[in-house]
Amino acid sequence: MRTKGLRGALAADTELGAGNVLARVLAHGADPEGPGLTFDTPVDGHPAEQPLTLGRLDERVAARAAWLHQRGVKPRDPIAVWATGAADMVLSFLALTRLGAIPALMNGKLRPEIAAEYIRRLRAAGVLADAAHTEALAGHDLGAPLLGQPAEAGTGDPAAAPPHYRHHDDDPIVITHTSGTTGVPKAVLHSHASLFAATRHLLSMPQAQGTSRILNALPAPHTATVLMVNQALGNRAEMLLLSEQGGERVLDAIQRWRPDGVFGFSVTWAELARFDLSGYDLDSVRLWFNTGDCSHEPHIRRLVAVGSRDVMTRDGITRVPGSVFIDGLGSSEMGHSMFHITHTAHTDRYGRCVGRPYRFANVAVLDAEGNELPAGQVGWLGIDSPSLFRGYWNDSVTTYRFRLRGWYLTGDLVRADAEGRYHHLDRAVDSVEVGDGRRFFTALSEERILAACPDVTDCTVVMVKEGDAVVTEVLLELAAGADPGVDRTDAVRAALGEDVGATLRRVVPVASADLPVTVTGKVRKVALRERYLTETPS
């Protein structure tokens, strides 16, 4: 079946959901010799970065399902998966959902004691962990047996796999988790229908350019990677999944694999901004797609200046220099980005504008009582969408704490403009109330500093209250060649504006090479604050 017809058939398939995309794509007549997935590590003797066909992917998933079934894994069993490799994560997800079990995908960078406590709270029926993480769990009480390493499951007999579990819309199909920067992360549960709602909507629309050959630079255990795997399979797209998302690794993969689309988080774009991108062959890239935290203007502008894209002219479709960046705001709980805005080298709508909501989502700006606020007023972001998570696994108290009058509260502070576009100002926990209904915002402050300081590639702003006063500290990540001895305090204070600038206590410059690599913007802010801004200045 041609891809266009297949996409329409999948969008209309009422049995299709996030737990059975691979099986349903094959059932609708997709060519088994067509694209499956490509991983950056070997898979069962198959070389790294060599594509698995759709049929070969199905066989490797069946082998793992048989191995897991032989070890007693049953429908609705929560199984923790803790590994580094993208192949281990994705193939385990596909195999466990084939059995009707519930994979709980874990960030490989969690501290062992946090990971062990998280597994205990899951009340997992078993644990899959690669060699390094099996060793890290040694001596910890998990409350669940270690089943083996994810790669071992590839030794199963595909012919012995049980029939694919038949999912109901409400069946749980994956547990992912929040960042866990301040303790044990929250376990985010998605259902067969909820995690496919956004994908179904996208399959019903024309396929966007930059989605035929995708480099997935999203963290493998994240909800976003599950979404992208299902979208790639439904679109019959090629996709290479990276196990780590550092800037140099991503640039090397782009040059070697030549994707037309790169999908990632804002922290990856910030890392790419540290490099002189004109020195790399990035011409294949038409699309950069961001989710999670929205991105900063200087990072976007560096990316859209490279690559190329198709535009419609009087002479037909023409390839022109400069790529497209689609920005949004999303989280594990949202089940997809809720907003989208498109940037090229010729656009200028920034200032943390995340654009308009997707058509499948209802959004509102709310006050503390859940009343909708008019355009221009800052309030809490409320979401009502079929893509929303089903709740926090084994934690109904936290689940309902984030619900208000039918809305899910994301923890973000936003405002809408008169044209129906939304602007993200900050995470509420990072902002500071200063009286008279006013707040100071760290994310908006970071945007302003980056715009004002061209020799700064990224920055972290931390605001705290000390008594009745607000104190602001700023960490500047300097571009290569920038002089760390230059006093940028006056420039930073001017960028912050009169009110916030008056609270500035210190500015700490750091070379980019000295910074830790982290996964998401929220993790990054906590890590940098603890490393550089915790000591009281003398």
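The values are calculated or read from the model by the stated rules, or taken from the named source; none is laboratory data. Because the structure is a prediction, the values reported are computed rather than measured. Using ideal geometry, Cβ is built from the backbone for each residue, glycine included, and neighbour counts are taken over all protein chains shown. What goes into the accessible areas is simple: the full protein's heavy atoms, side chains included, and nothing from ligands, DNA or RNA. Shrake-Rupley method; radii C 1.70, N 1.55, O 1.52, S 1.80 Å.
Can you name the condition, by its number, that Val470 falls short on among (1) touching a helix residue (DSSP H, G or I) at 6+ places or on another chain (Cβ under 9 Å); (2) under 22 Å from Glu297 (Cα atoms)?
Here Val470 meets the rest and fails (2).
Would you check which residues across region 379-403 are not in a loop (DSSP other than H, G, I, E, B) and not aromatic (Phe, Trp, Tyr) and list them?
So in region 379-403, the residues not in a loop (DSSP other than H, G, I, E, B) come out as 379-384, 391-392, 396-401, 403.
Selection gives Gly379, Leu381, Gly382, Ile383, Asp384, Gly391, Ser396, Val397, Thr398, Thr399, Arg401, Arg403.
Please determine, by comparing only the residues of region 199-212 that are in contact (Cβ under 8 Å) with a residue 60 or more places away in the chain and in contact with a Gly (Cβ under 9 Å, 6 or more places away or on another chain), which one is surrounded by the most Cβ atoms within 10 Å (Cβ to Cβ).
First pass over region 199-212, keeping only residues in contact (Cβ under 8 Å) with a residue 60 or more places away in the chain: 199-201, 203-204, 207-211.
Narrowing the set further to residues that are in contact with a Gly (Cβ under 9 Å, 6 or more places away or on another chain) leaves 199-200, 203-204, 208-211.
Values: Thr199: 26, Arg200: 21, Leu203: 22, Ser204: 13, Ala208: 16, Gln209: 16, Gly210: 24, Thr211: 21.
The residue in question is Thr199.
Considering only region 484-516, state which residues are modelled with pLDDT under 90 and open to solvent by 80 Å² or more (accessible area, probe 1.4 Å).
Pro484, Ala513, Asp514
Can you tell me which residues in region 336-378 are under 25 Å from Ile449 (Cα atoms), in contact with a His (Cβ under 6 Å, 6 or more places away or on another chain) and not in a strand (DSSP E or B)? Talk me through it step by step, then tell me what you get.
As a first pass, look at region 336-378 and keep what is under 25 Å from Ile449 (Cα atoms): 339-355, 376-378.
Checking the rest, the ones that are also in contact with a His (Cβ under 6 Å, 6 or more places away or on another chain) come to 352-355.
Correct list: Arg352 only.
How many residues does region 302-335 hold that are assigned to a strand (DSSP E or B), open to solvent by 20 Å² or more (accessible area, probe 1.4 Å) and among the polar types (S, T, N, Q)?
Summing the residues that are assigned to a strand (DSSP E or B), open to solvent by 20 Å² or more (accessible area, probe 1.4 Å) and among the polar types (S, T, N, Q) in region 302-335 gives 2.
Quick one: count up the residues across region 79-100 that are over 22 Å from the mean Cα position of the chain (by Cα) and farther than 22 Å from Leu52 by Cβ.
Matching residues across region 79-100 total 1.
Out of all the residues in region 258-302, which are among the polar types (S, T, N, Q), more than 16 Å from the chain's Cα centre (by Cα) and either over 15 Å from Gln209 (Cα atoms) or at pLDDT below 95 (or both)? It would help to see each step written out before you state the result.
Pass one, region 258-302, residues among the polar types (S, T, N, Q): 266, 268, 278, 284, 290-291, 295.
The next check asks that each one be more than 16 Å from the chain's Cα centre (by Cα); those that pass are 278, 284.
Once the filter is applied, which keeps residues that are among the polar types (S, T, N, Q), more than 16 Å from the chain's Cα centre (by Cα) and either over 15 Å from Gln209 (Cα atoms) or at pLDDT below 95 (or both), region 258-302 yields only Ser278.
How about region 131-162: which of its residues are over 22 Å from Val90 (Cβ atoms), open to solvent by 60 Å² or more (accessible area, probe 1.4 Å) and either part of a loop (DSSP other than H, G, I, E, B) or of a type in the set (Ser, Thr, Tyr) (or both)?
Listed by number, the residues that qualify are Ala138, Gly139, His140, Asp141, Gly143, Pro145.
So which residues in region 113-134 are over 20 Å from Gly100 (Cβ atoms) and in contact with a strand residue (DSSP E or B) (Cβ under 9 Å, 6 or more places away or on another chain)? Before you say what the answer is, go through the steps one by one.
We begin by selecting, within region 113-134, every residue over 20 Å from Gly100 (Cβ atoms); these are 113-121, 129-134.
Correct list: Ala115, Tyr118, Ile119, Arg121, Ala129, Asp130, His133, Thr134.
Would you mind telling me which numbered condition in (1) buried (at least 19 other Cβ atoms within 10 Å of the Cβ); (2) of a type in the set (Val, Ile, Thr); (3) more than 20 Å from the chain's Cα centre (by Cα) Ile383 fails?
(3)
Return the only residue of Leu91, Leu52, Leu10 being touching a Lys or Arg at 6+ places or on another chain (Cβ under 8 Å), open to solvent by less than 10 Å² (accessible area, probe 1.4 Å) and under 30 Å from Glu113 (Cα atoms). Steps first, answer last, please.
On the way: Leu52 fails: under 30 Å from Glu113 (Cα atoms); Leu10 fails: under 30 Å from Glu113 (Cα atoms).
That would be Leu91, the only listed residue that is touching a Lys or Arg at 6+ places or on another chain (Cβ under 8 Å), open to solvent by less than 10 Å² (accessible area, probe 1.4 Å) and under 30 Å from Glu113 (Cα atoms).
Working only within region 115-130, note down all residues that are farther than 22 Å from Ser396 by Cβ and open to solvent by 10 Å² or more (accessible area, probe 1.4 Å). Step through it out loud before you land on a result.
Taking region 115-130 first, the residues farther than 22 Å from Ser396 by Cβ are 115-116, 126-130.
Listed by number, the list holds a single entry, Asp130.
Based on what the data block shows, is Pro32 part of a loop (DSSP other than H, G, I, E, B) and at pLDDT 95 or above? Full working, then the answer.
Values: part of a loop (DSSP other than H, G, I, E, B): yes; at pLDDT 95 or above: yes.
So Pro32 passes the test.
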